[in-house]
1. With respect to Val267, determine if the residue is closer than 25 Å to Gln376 by Cβ, away from ligand 2 (no atom under 15 Å from the Cβ) and assigned to a strand (DSSP E or B).
2. Just to be sure I understand, how many residues within segment 270-286 are more than 28 Å from Gly151 (Cα to Cα) and either hydroxyl-bearing (Ser, Thr, Tyr) or away from ligand 2 (no atom under 13 Å from the Cβ) (or both)?
3. Within the group Ile203, Ile208, which residue is outside any strand (DSSP E or B), more than 16 Å from ligand 2 (Cβ to nearest atom), outside the structural domain of Lys343 (by TED's automatic domain parsing) and in contact with a helix residue (DSSP H, G or I) (Cβ under 6 Å, 6 or more places away or on another chain)?
4. Test Gly231 against the criterion of being surrounded by 21 or more Cβ atoms within 10 Å (Cβ to Cβ) and more than 12 Å from ligand 1 (Cβ to nearest atom), and give yes or no.
5. Could you tell me how many of the residues in segment 306-326 are within 28 Å of Leu220 (Cα to Cα) and in a helix (DSSP H, G or I)?
6. Based on what the data block shows, is Thr259 of a type in the set (Val, Ile, Thr), in contact with a Gly (Cβ under 8 Å, 6 or more places away or on another chain) and within 13 Å of ligand 2 (Cβ to nearest atom)?
7. Taking the conditions exactly as written (modelled with pLDDT of 95 or more and either within 16 Å of ligand 1 (Cβ to nearest atom) or not basic (Lys, Arg) (or both)), does Ile208 satisfy them or not?
8. Which members of segment 51-80 meet the condition of being closer than 14 Å to Arg32 by Cα and of a type in the set (A, V, I, L, M, F, W, C)?
Amino acid sequence: MNQPSARDIPYIQDTIAARATAQGKAGIGIVRVSGPLVTDIVRQVINQVPRPRQATLCDFLGADRLAIDRGIVLYFPGPNSFTGEDLIEFQGHGGPVVLDLLLRRMVELGARVARPGEFSQRAFLNDKLDLTQAEALADLINSSSEQAARGAMRSLQGDFSQLIDTLLAEVIELRVFVEATIDFPDEDLDPLEDERLDKKLGIIEARIQEILRQAGQGALLAEGASVVLAGKPNAGKSSLMNRLTGQDTSIITDIPGTTRDLVDEQVHLGGIPLRITDTAGIRDSHNEIEAEGVRRAVTAVASADLVIVVIDATLDAAIRTTQLAELMRDACASVPPLIALNKVDLIDQPLSLVQGAFAAAICLSCKTGYGLDGLQETMLGLLGISTGPESNFTARTRHLVALHQAASAVAASRAAGKARELVAEELRACQKALSEITGAFGVDDLLGEIFSNFCIGK
Ligand SMILES: Nc1nc2c(ncn2[C@@H]2O[C@H](COP(=O)(O)OP(=O)(O)OP(=O)(O)O)[C@@H](O)[C@H]2O)c(=O)[nH]1
Ligand SMILES: [Mg+2]
């Protein structure tokens, strides 16, 4: 029942080189080279092959035998290197010209400039990392909060992969049993009782759901979520934007139609990176610029993870109801929004909260700050962010999709009952979905997409 592995795909074993440190000036800059030409290259550049895994101070020589720079080389012979191939790092001074000269020297000596993520891709293909770990590496580099960095580190250490591998082993074991009862019905195999089979499937189903819950948190940690502020002109969207970002992000005036473009800012809530977008007040406008702003607002709402509809609480109840109905029709068709009834500092009577097809309604005042804590708590709840002490690993939307596929395959195999062929077929689908997460098989078409989002030199 072994599946072909993505790692079985042959890859061109040429030698790749790239700057491993960021662009710009810095104390140290690193050029990394990996592949079969590494020893030849290093012999040309420093007149020797340095001792493995030891810092060697030397001149880096150009074709004219003059020193381009003086620094440290670190040589990692394959397979004991990051990529699994012969790999060398030239640690020189971090000036853009010096590093460019050094990189050009590598190319002169037969290396090719690496594509983004190509070092990690080789590490994956040489079995140094599985796919979730490779993705965690990119997440670690890109993490925008301490929680996200810690979560990425846990994934990199294999916490997430281990959960998937354990589950996968159970699915495979069950599949072997089920297939055996189909293929050899007459043999003296202990056939699984239907009840026992269903119980085992139930346990697997529950485990997938639990991993889904954790991975959902993990995906939020790594990828964050988008929150869009929408509403009628002058409701206080920009005021809420500035409250949430704690900065003077958007322009606020008492003139309806102040915000035209989308205004974006990243904030952290419960350690999760949130992209908050302030939008133009939605109304029919003959002004071409404002009308374009309204179109952009509606588009932004459509792709948001959470929409906060800001309503001016000082308006008549009837007007508020009409506005809300219009906004729900025009802008919030897909996700049930969170309603923020703003400017409650201006009203003396408690508001009766409107009922409707929205997720929650909160009274607040952007002027005094009243209700903001409650709003943020509700935002966390609606986005599915748990703020408990539970430690988590990072994950990706790709993993959630695969886990959902695995869950529905198990549900289908339970539903198949006595039809063992169907049970087996669905278990095969479940195994395939889970294997795609760690890259055990069937991901070759995904590889380019995953690794192209890495930075060069990683
Ligand atoms: N008293 C009071 N005034 C507020 C509150 N929130 C916003 N305002 C005022 O309402 C007016 C409109 O605020 P904005 O934040 O610009 O409203 P907006 O929804 O972004 O408006 P547009 O960009 O024009 O669509 C400004 O004069 C704000 O000072 C509040 O909670 N209380
Ligand atoms: Mg505004």
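The values are calculated or read from the model by the stated rules, or taken from the named source; none is laboratory data. Keep in mind it's a predicted model, so treat the numbers as computed, not measured. With ideal geometry, Cβ positions are generated from the backbone for all residues, glycine too; neighbour counts draw on all protein chains shown.
1. Taking the combined requirement at face value, the residue satisfies it.
2. Here the count works out to 4.
3. Ile208
4. Taking the combined requirement at face value, the residue does not satisfy it.
5. Residues in segment 306-326 being within 28 Å of Leu220 (Cα to Cα) and in a helix (DSSP H, G or I): 0 in total.
6. Yes, satisfied.
7. Answer is yes for this residue.
8. Phe60, Ile72, Val73, Leu74, Phe76
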